[in-house]
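Student: Questions regarding the structure given below will be posed in turn.
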Amino acid sequence: MKIKSTVTNLLYDFDAKGKVDEERYTCPECSAHRKKKSDKCFAWNTKDSIGYCHNCGASFYVFKPGEEKQYIVPVWKNLTELTDKAVKWLTGRMISQKTLNKMRVYSDFLWMPQHNKEVDVICFPFFFQDNLVNIKYRGPLKSFMLNSGSELIFYNQDAILNNTSIIIVEGEIDALSFIECGFDNVISVPNGANIKMEYFDTYHELFEDITKVYIAVDQDTKGIELRDELIRRIGAEKCFIVSFKDCKDANEYLIRYGSDFNDLIKDAIPVPVKGIVTIDAICADIHDLYISGVNPGKILNEPFDELIKWETGRLAIVSGIPSSGKSEFVDYIITKMNLLYGWRAGFFTPENFPLKYHYAKIFEKLIGKKFSSSVSSEMEFEMAIDHIKNNFFYIMNEDDCTVDTVIRTAKILVKTRGIKVLVIDPYNRLEHQFKDSETQYISRFLDKLSTFARMNDVLIFLIAHPRKMDKDNEGKLKVPTLYDINGSSNFYNKADYGFTVHRKTDKQNLLLNEVTVYWQKVKFKYLGNGGASELKYNFVNGRFQKDTNWDNTNWLVKSAEQKIINYTESQWEQREDAPY
Ligand SMILES: [Zn+2]
């Protein structure tokens, strides 16, 4: 049978002997990367057909094609006791027994991967509509663990259903602090400042009836990132920012200033939607910039990293003559951004319809093989489809291809899927309605895209064909520049990034696999100085690289392996001062 890991989403062939209820095996996911390769860390429950690895903490379930993602539902042990040590620590943080009982916090003794043995833990159960969905375990030395393979939801998620205003914090202790102070309308993100919020895919609708959202997360770099992502997903118009003065978070504030939190909420600052920005509103950001400096932009582990680095909130304009591979190249860098940084993408790409052709292209880039049952396995097919389905989304309204419709749909994808990249391919397939001159129209059109990119923290790729194609003395097509698009210099002037993809031809003008990317514009110096990159195009899988030493490996497996290696090698930071 095929089993699926809840940590990496990879599929594995696995055959249980099925003789006893719990059997032990080596782990399909982590054993190959361990020192003790033969350690049977993987326990398979033959009765329920689920598995759990005691080394890497992954859960596994039997995979059936086409089935929705499955979650492990934790068993409610109905424990109510807290150990003396736990009570002492929690009351030291000003959380009373009453609040702990209300939120059904309890003690347990269980195995944690960070300690590799059974330890005392405090358990925070995550309920939604009276069902136990997940449990957060907090062990010694600040170790945390969520129940393996269980669904991620907000802590105290029911509060969203029962209120019209809601407070969002960054951890269970901060949520308990607000409850201690009489604010039951508080929820916590489940996994700290992690900004990959898959749970918004499922639960974004819960926020529709909420009129005010108070964001009360930590005041550090990670917290600011989390705050901005929450604003992006919920909508700036509803959001207010809570400031904890000189304290790091809600719990520190409770300990230092006591349980009157009314002023915190009263003094919350609305997120500036339009117009006036006060220095107050961006105070934490300015301080963070002062401490951490400018974020240097993301690199893609490519030969062109030196020339260009990437950040969201920008407009990239891409050109090239037909068949130059400009769409292929954009798909390629978006695939890399997705694998390296988890950036999801929305595509308006009518030329790739029917969609299966675009699927096939992305498949090849991910898996490294041709999209064909003769060369790739069923398992690779399932793996890629699952990944594409969760990371790439399509915008298509055949009756209405105006930029306003595309932007409106993209905005929905920001809220519901958290896309960080938007592709418009190509410019001339949008419905353009000029009311004034074409140049003025293009200027306003590009401003609209730039504003959308900035306000929604999305990197936009706009692909545009050159209007005219000039030939050189030898009769070969010249490399177009951004100035050749529709004859408007605005395409160059208004781009944050601008580049042209050009494919070389032989004497008979047949296309070769040699591609030059001309990085014509990188607006901000800290993101690179531009230049040209000579690349080779791999006909097998549509990847670009610097030489013909082809990499045809499966990148989904590779990126998952990296995750596991990072995990198994991570060193546990010892914190003497924190018993929990
Ligand atoms: Zn494992």
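A short reminder: the numbers here are calculations on the coordinates, not readings from a lab. Just so you know, these numbers come straight off a predicted model, no measurement behind them. Note that each Cβ is placed from the backbone with ideal geometry, even for glycine, and that neighbours are counted across all protein chains shown.
Student: Using a Förster radius of 35 Å, what is the FRET efficiency between Asp228 and Phe539 based on their Cβ-Cβ separation? Nearest 0.05, please. List each step's numbers first, then the result.
Tutor: Details: r = 41 Å, r/R0 = 1.17.
It comes to 0.30.
Student: Can you tell me the FRET efficiency between Asn295 and Lys196 if r is taken as the Cβ-Cβ distance and R0 is 25 Å, rounded to the nearest 0.05?
Tutor: It comes out at approximately 0.90.
Student: In debye, nearest 20, what is the charge dipole magnitude of the chain about its Cα centre with +1 on Lys and Arg Cβ and -1 on Asp and Glu Cβ, if you could check? Show your work: numbers first, answer last.
Tutor: On the way: 76 positive and 80 negative charges, 251 e Å.
Its charge dipole is roughly 1200 debye.
Student: I've got another one for you. Among Phe491, Ala43, Gly542, which residue has its Cα positioned farthest towards the positive end of the charge dipole of the chain, with +1 placed on the Cβ of Lys and Arg, -1 on the Cβ of Asp and Glu, and the dipole taken about the Cα centre?
Tutor: Positive-end residue among those listed: Gly542.
Student: Using only alpha carbon pairs under 8 Å that are at least six residues apart, calculate the relative contact order of region 27-103 and give it in whole percent.
Tutor: Details: 43 pairs, mean separation 11.0, N = 77.
Worked out over region 27-103, it gives 14 percent.
Student: Angle between the Cα long axis of helix 326-341 and the longest principal axis of the chain, 0 to 90 degrees, nearest 10?
Tutor: 20
Student: On to the next question. Work out the charge dipole of the chain with +1 on the Cβ of Lys and Arg and -1 on the Cβ of Asp and Glu about the Cα centre, then indicate which of Leu482, Ile317, Leu206 is farthest towards its positive end.
Tutor: Leu482
Student: Okay, moving on. From the Cα gyration tensor of region 147-189, with a ≥ b ≥ c the square roots of its eigenvalues, which class applies: rounded if a/c is under 1.5, or else prolate if a/b is larger than b/c, or else oblate? Walk me through the intermediate numbers first.
Tutor: Working: a/c = 2.63, a/b = 1.46, b/c = 1.80.
Since a/c reaches 1.5 but b/c is at least a/b, the shape of region 147-189 is classed as oblate.
Student: So, in nm, how far is label Arg408 from label Gln129 when the simple model puts each one 7 Å beyond its Cα toward the Cβ?
Tutor: Using points 7 Å along Cα→Cβ, the separation is 3.0 nm.
Student: For region 2-62, take the alpha-carbon Rg, divide it by the Kirkwood Rh, and send me Rg/Rh. Display every interim value, and only then the final one.
Tutor: On the way: Rg = 10.6 Å, Rh = 11.4 Å.
Rg divided by Rh gives 0.93.
Student: Nearest 20 debye, what's the magnitude of the dipole of region 1-96 about its Cα centre given +1 on Lys and Arg Cβ and -1 on Asp and Glu Cβ?
Tutor: On the way: 17 positive and 12 negative charges, 77 e Å.
The calculated dipole for region 1-96 is roughly 360 debye.
Student: Suppose R0 equals 56 Å. What FRET efficiency, 1/(1 + (r/R0)^6) with r the Cβ-Cβ distance, do Ala43 and Thr211 give to the nearest 0.05?
Tutor: For Ala43 and Thr211, the calculated efficiency is 0.75.
Student: Students often forget the sequence filter, so: which lysines lie under 21 Å Cα-Cα from Lys17 once same-chain residues fewer than 8 apart are removed?
Tutor: Lys2, Lys4, Lys37, Lys40, Lys47, Lys64
Student: Give me Trp310, Trp550, Trp519 sorted ascending by neighbouring Cβ count inside 10 Å, so fewest comes first.
Tutor: On the way: Trp310 22, Trp550 14, Trp519 18.
Exposure proxy ranking, most exposed first: Trp550, Trp519, Trp310.
Student: Peptides 472-478, 1-7, 92-98, 362-368: what's the order by average Cβ count within 10 Å, highest mean first?
Tutor: Numbers: 472-478: 10.4, 1-7: 19.3, 92-98: 14.6, 362-368: 23.9.
Output ranking for 472-478, 1-7, 92-98, 362-368: 362-368, 1-7, 92-98, 472-478.
Student: Now for a separate question. Quick one: if you take sqrt(5λ) for each eigenvalue of the C-alpha gyration tensor of region 2-145, what semi-axes come out, biggest first, whole angstrom?
Tutor: On the way: eigenvalues 206, 69, 32 Å².
Over the Cα atoms of region 2-145, the semi-axes work out to 32, 19, 13 Å.
Student: Okay, moving on. What full-extension length gain, to one decimal in nm, is calculated for Asp260 and Ala236 as 0.36 nm per residue of separation minus the Cα-Cα distance? Before the final figure, lay out each step's value.
Tutor: On the way: separation 24, 0.36 × 24 = 8.64 nm, distance 2.68 nm.
Working it through step by step, the gained length comes to 6.0 nm.
Student: Still on this structure: With viscosity set to 1.306 mPa s at 10 °C, what whole-number translational diffusion coefficient in µm²/s follows for region 272-422 from Stokes-Einstein and a Kirkwood radius over Cα pairs? Don't skip to the answer; put the middle values down first.
Tutor: On the way: Rh = 18.1 Å.
My calculation gives 88 µm²/s for D.
Student: Moving on. Rounded to whole Hz and in sequence order, give me ³J(HN,Hα) for region 94-99 from the Karplus expression 6.51 cos²θ - 1.76 cosθ + 1.60, θ = phi - 60°, writing x for Gly and Pro.
Tutor: So the J values, rounded to whole Hz, are 6, 9, 7, 4, 4, 5.
Student: For Lys245, list the aspartates and glutamates whose Cα falls under 13 Å from its own Cα; do not include residues on the same chain fewer than 8 positions away.
Tutor: Asp218, Asp220, Asp263, Asp267, Asp280
Student: If you project the alpha carbons of region 352-468 onto the principal axes, what extent comes out on each, in Å, largest first?
Tutor: The Cα atoms of region 352-468 stretch 54, 36, 24 Å along the principal axes, largest first.
Student: Could you give the C-alpha radius of gyration of region 27-103 expressed as a fraction of 2.2 N^0.38 Å, taking N as the number of residues it contains? Before the final figure, lay out each step's value.
Tutor: On the way: Rg = 18.9 Å, N = 77, 2.2 N^0.38 = 11.5 Å.
So the Cα radius of gyration is 1.65 times the expected 2.2 N^0.38 Å.
Student: Length gain on complete extension for the stretch Phe144 to Tyr526, per 0.36 nm per residue less the alpha carbon to alpha carbon distance? Before the final figure, lay out the partial values.
Tutor: On the way: separation 382, 0.36 × 382 = 137.52 nm, distance 3.65 nm.
That works out to 133.9 nm of additional length.
Student: Quote to one decimal, in nm, the extra length available between Ile565 and Asp470 on full extension: 0.36 nm per residue of separation minus the C-alpha distance between them.
Tutor: Numbers: separation 95, 0.36 × 95 = 34.20 nm, distance 5.12 nm.
That works out to 29.1 nm of additional length.
Student: With only Lys, Arg, Asp and Glu charged, each at its Cβ (+1 for the first two, -1 for the last two), find how big the charge dipole of region 315-533 is about the Cα centre; round to the nearest 20 debye.
Tutor: Working: 31 positive and 25 negative charges, 112 e Å.
I would put it at about 540 debye.
Student: Could you give the angle, 0 to 90 degrees to the nearest 10, between helix 356-367's Cα long axis and the longest principal axis of the Cα atoms of the chain?
Tutor: So the inclination is approximately 70 degrees.
Student: I would also like to ask the following. According to the square roots a ≥ b ≥ c of the eigenvalues of the Cα gyration tensor, what is the shape class of the chain, taking rounded for a/c under 1.5, prolate for a/b larger than b/c otherwise, and oblate for the remainder?
Tutor: Note, shape of the chain comes out oblate.
Student: While we're looking at this one, here's another question. Using a cut-off of 13 Å between alpha-carbon atoms, which aspartates and glutamates can reach Lys523, once sequence neighbours fewer than 8 places away in the same chain are excluded?
Tutor: Glu311, Asp496
Student: Would you work out if region 315-533 is rounded, prolate or oblate? Take a ≥ b ≥ c from the square roots of the eigenvalues of the alpha-carbon gyration tensor; rounded if a/c is under 1.5, else prolate when a/b is larger than b/c, oblate otherwise.
Tutor: It is oblate, given that a/c is not under 1.5 and a/b is not larger than b/c.
Student: Which percent of the Cα-Cα distances in region 283-346 go past 14 Å? Walk me through the intermediate numbers first.
Tutor: Working: 1392 of 2016 pairs.
Tail fraction, whole percent: 69.
Student: Projected onto the charge dipole of region 315-533 (+1 at Lys/Arg Cβ, -1 at Asp/Glu Cβ, origin at the Cα centre), which of Val403, Asn352, Phe524 gives the Cα projection farthest towards the positive end?
Tutor: Checking the options against the dipole of region 315-533, the answer is Phe524.
Student: Run lengths n ≥ 4 of DSSP H only: what is the helix-derived mean residue ellipticity at 222 nm for the chain, with -39500 (n - 2.57) per run over all residues, to the nearest 500?
Tutor: Numbers: 16 runs with 166 residues, N = 580.
Calculated at 222 nm, the ellipticity per residue is -8500 deg cm²/dmol.
Student: Given labels modelled 7 Å from the Cα in the Cβ direction, how far is it in nm from Lys2 to Lys546?
Tutor: According to this spin-label approximation, the distance is 3.7 nm.
Student: How far is helix 438-456 tilted off the main Cα axis of the chain, in degrees rounded to 10, range 0 to 90?
Tutor: Roughly 20 degrees between the two axes.
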